[in-house]
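*Asks:* Structure below; questions to follow.
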Amino acid sequence: MIKKFIPSLWKMKIKSILKKENKYQYLDKNKKKMIIALAADYGNLGDIAITYAQKKFIKDNFKEYEVVEYCCEDIIEGMKSLKNKITSNDVITIIGGGNMGNLYQGIEDQRKFVINNFKNNIIISFPQTIDFSDDMQGSKALKQTQKIYNKHKKLLIFARENKSYRKMKEKFNKCIVKEMPDIVLYLDKKNNEVKRNNNIIFCMRNDKEKALNKEYEKRIYDYLQQKGLNIEYQDTHIGNISLEEREEKLNEIWTKFSSSKCVITDRLHGMIFCVITGTPCIAFNNSNGKVKEVYNRWLKEIRYIKLVDKNNIEDFIEEYKELEADSDKKMNSNQMKKTFNEMKQIINDFIKNNK
């Protein structure tokens, strides 16, 4: 197992040494830096929003640091260039999300590569869901990850819901593990100038994380159509986009959500985008349970966000009618602000204790 793992790391290491990419040569060694490693440079708006929110959180709360995006595309090719400009005073943050595990093995390999290459730096992994499969492949992948994570002396890991927190505490017992919300919930994107229309947005998965029965989904569609509502499809995965387009595409989907009557989604960030825009939402769980876990841990008190956890149309209709009748479209933003202030303090204390 170890023999199989070591060559993989060494291949990445050799590639990073041989590449002559000088992308990060502009950085000043005398300035303190916070690196956002695995920053999203691909068309998943959930991951792009995480990158955007993580950058804003750092800029708002750690003003003494220069913020540097270290994108997925540059993880191997840019490593040599970046390491030449990093000192022990710099902090490496790793993107939050739902890709810690073997479901997205390529990104997990990049994460391990970053952790393994910055042994002397403080590393902070922003709120993640952990998802290693319950089979031989998942077991091997988890052991490889444990070896790298637990070996690092200055690694702080945030879990974004309780199921992940318990598993991370158990598996990464040499690291500091804390529980905090998905970093996108740090944002407030409500727009009172946008008028709501009569559109229902279906923001549904069509990949390996989908759990909702297609027949059930069609019955929901038919029910809403019979009520005379306009139905639009809008995914949070939009294909390849340039780095310059990322914020524009986020603002487009936030505006679309803000102007809709309701969003039906089984995507975690479909639900979270509704939270931050104040948009009524009915959410369904996905295959690894992260939608339900995040909802139950952080969002169940928000009255305009509903989770339907049963595969029958009657439950959906009941929740939809309740959502229509409820005029309260506010969330307890003070509570969320307090939670992220706690996150700031945890990070400050971790940096102070590991200098």
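*Asks:* Looking at (1) surrounded by fewer than 20 Cβ atoms within 10 Å (Cβ to Cβ); (2) at pLDDT 95 or above; (3) under 24 Å from Lys355 (Cβ atoms), which is the only condition Val91 fails?
*Replies:* Result: Val91 passes all but (1).
*Asks:* Given the conditions (1) aliphatic (A, V, I, L, M); (2) more than 16 Å from Cys175 (Cβ to Cβ); (3) without any contact (Cβ under 8 Å) to a residue 60 or more places away in the chain, report the number of the one that Ile92 does not fulfil.
*Replies:* Going through the list (1) aliphatic (A, V, I, L, M); (2) more than 16 Å from Cys175 (Cβ to Cβ); (3) without any contact (Cβ under 8 Å) to a residue 60 or more places away in the chain, Ile92 breaks only (2).
*Asks:* I'd like to verify a number: residues in region 147-200 that are in a helix (DSSP H, G or I) and crowded, with 17+ Cβ neighbours inside 10 Å, how many?
*Replies:* Summing the residues that are in a helix (DSSP H, G or I) and crowded, with 17+ Cβ neighbours inside 10 Å in region 147-200 gives 12.
*Asks:* Residue check: is Phe118 of a type outside the set (Ser, Thr, Tyr), under 19 Å from Leu38 (Cβ atoms) and touching a Leu at 6+ places or on another chain (Cβ under 6 Å)?
*Replies:* No.
*Asks:* Of everything in region 94-106 that's on the phi < 0 side of the Ramachandran plot and at pLDDT below 95, which residue is surrounded by the fewest Cβ atoms within 10 Å (Cβ to Cβ)?
*Replies:* Gly106
*Asks:* Does Glu301 count as surrounded by fewer than 20 Cβ atoms within 10 Å (Cβ to Cβ), of a type in the set (Asp, Glu) and closer than 20 Å to Lys337 by Cβ?
*Replies:* For Glu301, the condition - surrounded by fewer than 20 Cβ atoms within 10 Å (Cβ to Cβ), of a type in the set (Asp, Glu) and closer than 20 Å to Lys337 by Cβ - is met.
*Asks:* Okay, moving on. Can you name every residue in region 201-223 that is over 20 Å from Phe257 (Cβ atoms) and not in a loop (DSSP other than H, G, I, E, B)?
*Replies:* Hits for region 201-223 are Lys214, Glu215, Tyr216, Lys218, Arg219, Asp222, Tyr223.
*Asks:* Please determine whether any residue of region 153-168 is of a type in the set (A, V, I, L, M) and modelled with pLDDT under 95.
*Replies:* Checked against the condition, which is being of a type in the set (A, V, I, L, M) and modelled with pLDDT under 95, region 153-168 yields no hits at all.
*Asks:* Can you confirm whether Ile317 is surrounded by 12 or more Cβ atoms within 10 Å (Cβ to Cβ), part of a helix (DSSP H, G or I), β-branched (Val, Ile, Thr) and modelled with pLDDT under 95?
*Replies:* yes
*Asks:* Would you pick out the residues in region 227-238 that are assigned to a loop (DSSP other than H, G, I, E, B) and among the charged types (D, E, K, R)?
*Replies:* The answer is Lys227, Asp235.
*Asks:* Any residue in region 319-334 that is over 16 Å from Ile264 (Cα atoms) sitting within a Cβ distance under 8 Å of a residue that is at pLDDT below 75 and part of a helix (DSSP H, G or I)? List the pairs, counting only those 6 or more apart or interchain.
*Replies:* Nothing qualifies.
*Asks:* If you don't mind, there's one more thing I want to ask. What is the residue count in region 35-57 for residues that are part of a helix (DSSP H, G or I), farther than 18 Å from Ile122 by Cα and not β-branched (Val, Ile, Thr)?
*Replies:* So the answer is 7.
Quick grid of which residues meet (1) in a loop (DSSP other than H, G, I, E, B); (2) under 15 Å from the mean Cα position of the chain (by Cα); (3) free of Cβ contacts under 8 Å to residues at least 40 places away in the same chain; (4) under 23 Å from Glu318 (Cβ atoms):
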residue: Gln225; (1), (2), (3), (4): no, no, yes, yes
residue: Asn240; (1), (2), (3), (4): yes, no, no, no
residue: Glu252; (1), (2), (3), (4): no, no, yes, no
residue: Ile264; (1), (2), (3), (4): no, no, no, yes
residue: His269; (1), (2), (3), (4): no, yes, no, no
residue: Phe273; (1), (2), (3), (4): no, yes, no, no
residue: Glu293; (1), (2), (3), (4): no, yes, no, yes
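*Asks:* Let me ask something additional. Looking only at region 77-91, decide whether some residue is under 18 Å from the mean Cα position of the chain (by Cα) and either part of a strand (DSSP E or B) or farther than 27 Å from Gly289 by Cα (or both).
*Replies:* no
*Asks:* Output the residues belonging to region 275-291 that are in contact (Cβ under 8 Å) with a residue 60 or more places away in the chain, polar (S, T, N, Q) and over 30 Å from Asn102 (Cβ atoms).
*Replies:* Across region 275-291, the qualifying residue is only Thr277.
*Asks:* While we're looking at this one, here's another question. Looking at (1) surrounded by fewer than 20 Cβ atoms within 10 Å (Cβ to Cβ); (2) within 18 Å of the chain's Cα centre (by Cα), which is the only condition Lys214 fails?
*Replies:* So the condition that Lys214 fails would be (2).
The values are calculated or read from the model by the stated rules, or taken from the named source; none is laboratory data. No experiment lies behind these values; they were computed from the predicted model shown. So basically every Cβ, Gly included, is an ideal-geometry build from the backbone, and we count neighbours across all protein chains shown.
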